Amino acid sequence: MHAAGAPADPVPMHIRDWPTDERPREKLLARGPANLSDAELLAIFLGSGLRGRDAVGTARELLARHGPLRALLERPPAELIALPGLGPARASALAAALELGTRLLHASLERGDSIGDPDAAGRYFAQRLRGRPHEVFAALFLDTRHRVLAFEELFQGSVDSAEVHPREVARRALAVNATALIVGHNHPSGCSEPSAADRAVTQRLKQALALVDVRLLDHFVIGDGPPQSMAARGWV
């Protein structure tokens, strides 16, 4: 109850009462999804908010308490279910939507097109390796036109290192008849800055692969930020 003379709690404004160009769905259709904030995108997915709060407000609270966005979305479905505003149906739908995005990126690399955009390979490594509790070293094997032949996780290690064997990478490249490859590994610490050891491994790989006429095109390091390309730094 409110004390005499005290103002009543304000009634929250529903999203349908917002100016049209500020509503998340209309904003997405008019300007594209890239122009929406994390909270607005999540609000569209939620559809509605908790009692007394609209979908955007609920999304903002989810991100504030359980975010940022990547940390929230990397939670397994069993954990998402317990978060306010989600529950079994939304948690399942969210997990399915994330898997669809991963499979779409995977399909774009496997449909027979050449990899002309280095960022696409970096995003793919990020999708496959980011958030893993241990360091994983993987490779995309390519043909003469830089089309994907295979993706393999070759080595796994501890929370801060994985031992890479260049001869084994070269052997797998010959086994799938690859003429080029792109490699990548994750840093579970979240720091995506290549280490001195990363640079040394890259050079040993390049030399070992050159002996069997296979080109190393790039080496991506995956952390919390954007994938770091060693080729972009002139280290491949």
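Every number here is computed from the coordinates shown, using simple stated rules; none is lab data. Bear in mind that the values here come from a model prediction, so they are computed numbers and not experimental data. Note that each Cβ is placed from the backbone with ideal geometry, even for glycine, and that neighbours are counted across all protein chains shown.
Once the C-beta distance of residue 78 and residue 100 is scaled by a Förster radius of 22 Å, the resulting FRET efficiency is 0.65 to the nearest 0.05.
Starting from the Cα of residue 158, step 7 Å along the direction of its Cβ; do the same at residue 193; then give the gap between the two resulting points in nm. Result: 2.2 nm between the two label points. DSSP beta bridges fully contained in the chain are about 70 percent antiparallel. Measuring how big region 22-69 is from its alpha-carbon positions, Rg and Dmax come out at 10.4, 30 Å. According to the calculation over all Cα-Cα pairs in region 15-103, the P(r) per 10 Å bin from zero is 17, 50, 29, 4 %. The GluC sites (Glu not before Pro) of region 17-83 that DSSP puts in a loop, and whose beta carbon has at most 12 other beta carbons within 10 Å, are 74. Scaling against 2.2 N^0.38 Å puts the C-alpha radius of gyration of the chain at 1.30. The charge dipole of the chain, taken about the Cα centre with unit charges on the Cβ atoms of Lys, Arg (+1) and Asp, Glu (-1), comes to about 260 debye, rounded to the nearest 20. Calculate, for residue 29 and residue 90, the FRET efficiency according to 1/(1 + (r/R0)^6) with r their C-beta to C-beta distance and R0 30 Å; round to the nearest 0.05. Once the sixth-power term is evaluated, E becomes 0.85. About the centre of its Cα atoms, region 72-193 shows a dipole size close to 300 debye [charges on the beta carbon of Lys, Arg (+1) and Asp, Glu (-1) only; nearest 20 debye].
Using R₀ = 41 Å, calculate the FRET efficiency as 1/(1 + (r/R₀)^6) where r is the Cβ-Cβ separation of residue 18 and residue 204; round to 0.05.
Working from the Cβ atoms, E equals 0.10.
Compute the Rg to Rh ratio over region 114-229 from the alpha carbon atoms, using the Kirkwood formula for Rh, and round to two decimal places.
A ratio of 0.94.
Each of 21, 198 was scored by other Cβ atoms within 10 Å of its Cβ. Listed from fewest to most, they are 21, 198. For the chain, the longest piece that avoids every one of the trypsin sites (Lys or Arg not before Pro) found in DSSP loops with at most 12 other C-beta atoms within 10 Å covers 146-232.
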